[in-house]
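The values are calculated or read from the model by the stated rules, or taken from the named source; none is laboratory data. The model shown is predicted, which means the values in this text are computed figures rather than measured ones. Backbone-built Cβ (ideal geometry, glycine too); neighbour counts: all protein chains shown. The accessibility values were calculated without ligands, DNA or RNA, using every heavy atom of the protein model including side chains. Shrake-Rupley method; radii C 1.70, N 1.55, O 1.52, S 1.80 Å.
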Amino acid sequence: MTIKRIEPGARMSGAVVHGNTVYLAGQVGDGESVTDQCKSALAEVDSLLAAAGTDKSKVLQTIIYLSDIAYFAEMNAVWEAWIDPANPPARATSEAKLAAPKYKVEFIVTAALD
């Protein structure tokens, strides 16, 4: 079975396709607010899913890290506007220290190709 790497770099790939599954690297966004960062990160998720040949209706699981759990409601407002309401994925949300202090949210997505 082949492995396809999307947007490969020296440290990691933006996404990896193996079989009928695509695994996205953690996506963080630009902006000052949680809302802006969520919208930016989820736009990148959309882009990577499209590059793999799928879309958010095929998302199987999402892991969300917040730098402060107090952002939960603000993140959920963006998330609920973004997800396909007919196909919500399994999801977990936790508070975690992210890669840089400017980041407030990170999304890790796994999706099916068919």
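List of remarks:
- Amide H contacts of residue 105 (H built 1.01 Å from N, under 5 Å, at least 5 apart or other chain): 29, 67
- When the chain is treated as a GNM with alpha-carbon contacts under 10 Å, the residue of 100, 92, 50 showing the greatest mean-square fluctuation is 100.
- Inter-probe distance in nm under a simple model that places probes 7 Å from Cα toward Cβ, at residue 51 and residue 102: 2.0 nm
- Taking every alpha-carbon pair under 8 Å whose residues sit at least 6 apart, region 3-112 reaches a relative contact order of 34 percent.
- Percent RCO, i.e. relative contact order, over region 42-99, from Cα pairs under 8 Å lying at least 6 residues apart: 47 percent
- Pairs with C-alpha atoms separated by more than 24 Å, drawn from the list 39/97; 56/102; 4/104; 4/97; 39/102; 4/102, are 56/102; 4/104; 4/97; 4/102.
- For region 1-42, the residues whose amide N sits under 13 Å from a probe point set 7 Å from the Cα of residue 61 along the beta carbon direction are 22-24.
- Where the chain is the region considered: accessible area per residue in Å², 1.4 Å probe: 55 Å²
- Extension gain (nm, one decimal) between residue 86 and residue 36, 0.36 nm per residue minus Cα-Cα: 15.5 nm
- Backbone N under 14 Å from the residue 76 label point (7 Å along Cα→Cβ), restricted to region 93-110: 93-94
- Whether region 3-112 is rounded, prolate or oblate, judged on the alpha carbon gyration tensor where a/c under 1.5 counts as rounded: oblate
- Sulfur and carbon atoms: percent of accessible area, the chain [1.4 Å]: 52 percent
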